[in-house]
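Notes for the one structure printed next.
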Amino acid sequence: MMKEELNQELIAQGYLAYAFSQGGESPLKFEDNSDIVTDKDVNPIPVTPKGGKDPIPFVPRGSRNDLPYDILRRTARNVTVASNIEFKSKVVYGDGILVYREVKDAVTGKWEKQEVTRQDAPEIFDFLELNDFGHVRMELANDLCLFYDAYVEYVFDRNDPPRLVQVIPLETACSRISEIDEKEGRSLWHGYSAEWYLGTPTDLVATPLLDRRAPLRDLLTRMGRLPGKNGIAKAGRDRRFVHNLRINTPGRFYYARPYWWSVFASGWYDFSNAIPTYKKALIKNQMSLRYIVYIKDTFWGELFKKYRATDEKAQAGLQKKFLDELNDYLTGEENAGKTFVSHFRYDRVKGIEDKDILITPLDNALKGGEYIEDSEETSNTLSYGMGVHPSIIGSSPGKNKSINGTEARELFIITQALMKSFQEATLEPLYFAKRLNGWPEDIRFSVTNVQLTTLDKGTGATKNTGLKPENEE
C-alpha cells in the first residue's frame, strides 16, 4: 500500500496525523573567486621608506595590493588545496641537503659524486647551522609553491673583501618590488611591509634588489669582485641585498602568476567550497521527519476525562504536553532502543484492531552520501590543476578507489622529478655563499629525496642521495 493510500485509510478510521520535526532555514552564499587573480591596471604606489627622504614607486600585487593574503586565506579554507600545497612543499624540502664534490675517477675517467662531511669542510657546515638553513629552505619551499616567488636577504660583514654571513628568508606576502627604472631597465628596490593593505604603509623597509636577470653577477659587482660599468672593481657601501627567487611564468614583468591559480579563475575552487557548506547546512537546517504518529480522535476525549480537563485552554495545554512528551520520547538519544506500549481493542464487527496510537517510521531521504561524486570530481580537478596526483595524497581517483604500491611509488618518484626546479631554487643562496666566501670550486649541493623501497627489499624507505644508482645498495 502506498503512503498516500495508508494516510487516507487511517484518516477514514478516525485517526488524526501529527508529524514531529525539527529544522530551520539558513541562507547559503555561493562565493565567486574567479577574479581575485585577474590583473588590474593599478598605478605604482609611492612610499617613503623608514629613515628615507624620497618616495619609491612600488608595484602593487593584485587589485587591492592584498593578493598574497587573499591566496593564503583561500588556501587555508579548502581541504584539497591546502593539502596539495603542503604536499608539494614537503617534496621541495625533501630529506635535507647533501654537500658533495665532483671527482673524476682516474681509471674510468667518469665524474663521480663524493659526499663531504664536517671534517672536510667545517666552514660550510657552520654556515648551514648558524643560518638554520633547513628553516630557510622550508620558508622558500612554502612561498615558491604558493606564489612562484620567494625572497631572501643577504647580509655581509664589513671585512675587506666582504663575506656573506647571514641569509634571511622574507615573507612573500609582505614583499613588493619597485617599478622598473627606465635608466637601469630593471627594478632597483625591494619593499618589505605588513601594511600594504592600508594603501600607503608606514613601516616600509627598502633594500636594494639584485638584478633579477643576473643576480649573482650583480652581487659580485656590488661587492667589488667584478668590475662595474666604469671598469673598476670596488665594493659599494651597501651590505644588505634582496634576491628574488622565482619560477618564471610568461608575460610577467614583476610578479609570477602560478599556473595552479587557474583553480580560482575556472570556478572549480568555488564549487569545491560550496559542497561542504551546502551539506553542513543540509544536515543542520533541513526539515527531516523521523516519525508520523496517528492518534485516534476518541483518544483525546478519554485523556481529557482522565485528567478532568473541561475548558478549552486546559485541554489545549494537556494535548500540547502529551505531544511534546511523545516527541521527546521518540527523538531523544537517551530513549534509543526503548519500547513503546500502545493499547488496542479488537473490533469484532469490522474485524480489525482498534488502536489508539499508530507510529510509523519514515525513510529519511538523506542517506549521508549526498554529492559524493561531485566532491570526488572537484577534488580530482583541483589536484589536476595543481599538478598533484590525487591518489598520492589520499583523494579518490574516481571509480577505482585505490592504486597498488608500485603505482604509488612511481607517481611519487615522478613528482620528485618534476619538482626539481623548485628544489634547485632553494639551493641558490648556497651557491651565492660559495662564490662570495671562497668555498672550494668543486663543492656542490643537492636535495636528498626519500626513495620508497620495493617489497623484495623490505618495507620502508631509503634516502636517495644520488651518490649511487637507484638499484644499488
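Values in this text are rule-based calculations from the coordinates and carry no lab data. If you're wondering where the values come from, they're calculated on a predicted model, not measured in any experiment. We place every Cβ from the backbone using ideal geometry, glycine too, and count neighbours over all the protein chains shown.
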Original post:
Which three extents, in whole angstrom, do the alpha-carbon atoms of the stretch 210-274 cover along their principal axes, largest first?
Top reply: 61, 22, 12
Subject >> Potential lengthening between ASP95 and TYR307 on full extension [0.36 nm per residue; Cα-Cα distance subtracted] >> reply: 68.5 nm
Original post:
Given the C-alpha centroids of the stretch 117-151 and the stretch 295-321, what is the distance between them in whole angstrom?
Top reply: 80 Å
Subject >> Cβ crowding within 10 Å averaged over residues, with 194-206, 134-146 ranked highest first >> reply: 134-146, 194-206
Original post:
By average Cβ neighbour count within 10 Å, what is the ranking of 62-69, 101-108 from highest down?
Top reply: 62-69, 101-108
Original post:
Once amide H atoms are placed 1.01 Å from N in the peptide plane, what residues at a sequence separation of 5 or more from ARG186, or on another chain, have their amide H within under 5 Å of its amide H?
Top reply: ASP181
**OP:** Starting at the first residue of the stretch 291-297, write each ³J(HN,Hα) from the Karplus equation 6.51 cos²θ - 1.76 cosθ + 1.60 with θ = phi - 60°, in whole Hz, x for Gly and Pro.
**Re:** 9, 10, 10, 9, 10, 4, 5
Original post:
What are the residues whose amide H is under 5 Å from the amide H of THR448, where those residues sit 5 or more places off or on another chain and H is modelled from the backbone?
Top reply: ASP95, GLY96, ILE97, LEU98
Original post:
For the stretch 186-223, list residues with backbone N below 16 Å from a point placed 7 Å from the Cα of TYR431 toward its Cβ?
Top reply: 211-220
**OP:** Determine which residues of the stretch 66-91 fall in the zone a paramagnetic label at VAL450 would reach in this model, i.e. backbone nitrogen under 14 Å from the point 7 Å along Cα→Cβ.
**Re:** 86-91
Subject >> Burial ranking of peptide ranges 156-163, 168-175 (average Cβ count within 10 Å, highest at the top) >> reply: 168-175, 156-163
Subject >> Amide H within-cut-off set for ASN65, under 5 Å, with H built and near neighbours excluded >> reply: none
Original post:
Given a Förster distance of 60 angstrom, what is the FRET efficiency for ILE372 paired with ALA235, based on the Cβ-Cβ distance and rounded to 0.05?
Top reply: 0.40
**OP:** Rounded to the nearest 0.05, what FRET efficiency do ARG217 and GLU407 give with R0 = 51 Å and r taken as the Cβ-Cβ distance? Could you check?
**Re:** 0.70
